1. Every residue in the range 21-46 that is without any contact (Cβ under 8 Å) to a residue 40 or more places away in the chain and crowded, with 22+ Cβ neighbours inside 10 Å, please.
2. Any residue at all in the range 1-8 that is closer than 20 Å to residue 223 by Cα, surrounded by fewer than 18 Cβ atoms within 10 Å (Cβ to Cβ), of a type in the set (Lys, Arg) and out of contact with any Asp or Glu (no Cβ under 9 Å at 6 or more places or on another chain)?
3. Only one of (1) within 30 Å of residue 243 (Cβ to Cβ); (2) small (Gly, Ala, Ser); (3) free of Cβ contacts under 8 Å to residues at least 60 places away in the same chain is not met by residue 55, so which one is it?
4. From the residues in the range 1-28 that are in contact with a Cys (Cβ under 9 Å, 6 or more places away or on another chain) and assigned to a loop (DSSP other than H, G, I, E, B), which one is farthest from residue 207 (Cα to Cα)?
5. Quick check: is even one residue across the range 86-100 under 23 Å from residue 205 (Cβ atoms), in a strand (DSSP E or B) and either modelled with pLDDT of 95 or more or not β-branched (Val, Ile, Thr) (or both)?
6. Being at pLDDT below 90 and out of contact with any helix residue (DSSP H, G or I) (no Cβ under 8 Å at 6 or more places or on another chain) is true for just one of 160, 193, 215. Which residue is that?
7. State whether one or more residues within the range 141-154 are open to solvent by 10 Å² or more (accessible area, probe 1.4 Å), over 16 Å from residue 86 (Cβ atoms) and at pLDDT 75 or above.
Amino acid sequence: MSEFVWLKRGDKLPAAAIAQMLINRTGASLTVDGDYGSATKAAVKQFQSAHSLSSDGVIGRNTWSSLVHQETLPICDSVDVFDPDLITSEQRFLTNVGGNPIITGGMSNGTEQVIMSITARHSQLFMARFHGHGNKGVAGASFGHGATPGAWSSRAAFVDDASTRSLMSRLGRSMGPYGCIQFMHCQTGGGRDGRQFLQMVADAAGVPATAAIHDQYASTLKETVRYEGATRTCCPSGVSIRNWAMRLPEFTGMSF
C-alpha cells in the first residue's frame, strides 16, 4: 500500500502533527506542533517497542499503518510522467507497493485534468501528494522539463493566479479534516516565489501546503514519499502548523 508517510526526526510538516496526534491517543503527551523532535522520536520508539515493530524512531510503512489503525486517512499520489524518468522512479515505486497513482503527462489542460481525476476518485483526503518537475514557485503537473503549459504557479508566465486558485479551491473540497497538500517537486518552495505560491494554494484549498526548497532525486521509494532536505509549509491565513493543528478534531482512543 502506498498510503503512508515516511517521517523522522527533523521533519517539520503537517503530517508530523497528525502523527503526533495519533501517538498521543496511545498515551503519549506530545506537543502537537508538527516538529518531529527528540520527544516525538522517543514516543515513536516506545510505540514501536510496544507493538513489536523495529524500534528506530522513524515512521515508515509498518509504523504508520499501526498508528493509523482503524482511521481512514487516504493519500492520493499524482505523478507527471511526461518525463520518462518519473515513470521509472516515482510511478514504479508507488505501484510496486500496491499504490494506484494518478498518471498525467503532456496533455492540454493537464492541471485541470489532475484535479478532476483526484476529485472524481477521492473524498475526505488526508494528503494530496504531487510528483513532477518544479522550480521556485512552480509545480509541474503534466509538462516534464521546461517552462511549458501544465504547471501550477503564482507567476503569470506559467499559469495565471486565478486559474491556480480556482483549481486548488476545487481540490480543497475533496480534503478531509486533517488534509494537507505536498508538492514533491524540486525547489517549488524556494524563495519569495515559493512562499507566495504555497500561501496561495493553502488559502485557496483551506489546508496546509508544503514543498521542498532544494532538489529532490527520489531514487528510492523512501525518497519518493518523503522530502530530501529542507521544506516550507504555509497554512491557511498564514497561521503556524501548531495553530492549525490546535483546531483539528481529536482522534478517538486506540483499542486493539
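The values are calculated or read from the model by the stated rules, or taken from the named source; none is laboratory data. Quick caveat: nothing in here was measured; it's all calculated off a predicted structure. Note that we place each Cβ from the backbone using ideal geometry, even for glycine, and neighbour counts take in every protein chain shown. Surface areas here come from the heavy atoms of the whole protein model, side chains and all, with no ligands, DNA or RNA. Shrake-Rupley method; radii C 1.70, N 1.55, O 1.52, S 1.80 Å.
1. 36, 40, 44
2. So the first thing to find is which residues in the range 1-8 are closer than 20 Å to residue 223 by Cα, and the list is 1-8.
Still in the list and also surrounded by fewer than 18 Cβ atoms within 10 Å (Cβ to Cβ): 1, 8.
Cutting the leftovers down to of a type in the set (Lys, Arg) gives us 8.
Now drop any that are not out of contact with any Asp or Glu (no Cβ under 9 Å at 6 or more places or on another chain), which leaves none.
Checked the range 1-8: no residue is closer than 20 Å to residue 223 by Cα, surrounded by fewer than 18 Cβ atoms within 10 Å (Cβ to Cβ), of a type in the set (Lys, Arg) and out of contact with any Asp or Glu (no Cβ under 9 Å at 6 or more places or on another chain).
3. Condition (1) is where residue 55 drops out.
4. Result: 3.
5. Going through the range 86-100, the residues under 23 Å from residue 205 (Cβ atoms) turn out to be 90, 94, 99-100.
Applying the additional criterion that residues be in a strand (DSSP E or B) yields none.
Within the range 86-100, not a single residue is under 23 Å from residue 205 (Cβ atoms), in a strand (DSSP E or B) and either modelled with pLDDT of 95 or more or not β-branched (Val, Ile, Thr) (or both).
6. Numbers: 193 fails: at pLDDT below 90; 215 fails: at pLDDT below 90.
None of the other options fit; the residue is 160.
7. no
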